[in-house]
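First comes the structure, then the notes that go with it.
Nothing in this text is a laboratory measurement; each read-out follows from the coordinates by a stated rule. These numbers come from a predicted model, not from an experiment. Methodologically, a virtual Cβ is constructed for each residue, glycine included, from the backbone with ideal geometry; neighbour enumeration extends over all protein chains shown.
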Amino acid sequence: MSHAEFTRRFTWSMEDNAFSQAVQKRREEGLSIWDLAESNPTQAGFAWSPEELNTAFRSPDNITYNPHPRGLPSARDAVTSYYQGHGIMVSPEQIHLTASTSEGYGWLLKLLTNPG
């Protein structure tokens, strides 16, 4: 198993497929795209209306949804500090936060039941 491979149960290709390549080409050419798979509401091109909605967000950071697949870096730093305070040396790169216990159990079971 390679260093980057978490478990052999996740061995899909990380290469861009033909569709992804075509979408990227259109974007690079400045052509419009209706991305019906976009799940990030801050990137979907919605017109935020009425204007009061815009003023409700005092910081542009509140409008931008920027997910982190392993959890917010600041949250992982806090977990790291907690463990280091208890004498356990761990780095934020070793911390993976999940959205729920079910998601966490799913990852844990996939890891622990990996053949070999």
Which whole-Hz couplings ³J(HN,Hα) result when phi for each residue of the stretch 17-29 is put into the Karplus expression 6.51 cos²θ - 1.76 cosθ + 1.60, θ = phi - 60°, listed in order with x for Gly and Pro?
7, 4, 5, 4, 5, 5, 4, 4, 4, 4, 4, 5, 7
Long-range HN-HN contacts of residue 97 with modeled amide H, under 5 Å
71
Residue 97 and residue 72 label points (each 7 Å along its Cα→Cβ direction) are spaced in nm at 0.6 nm
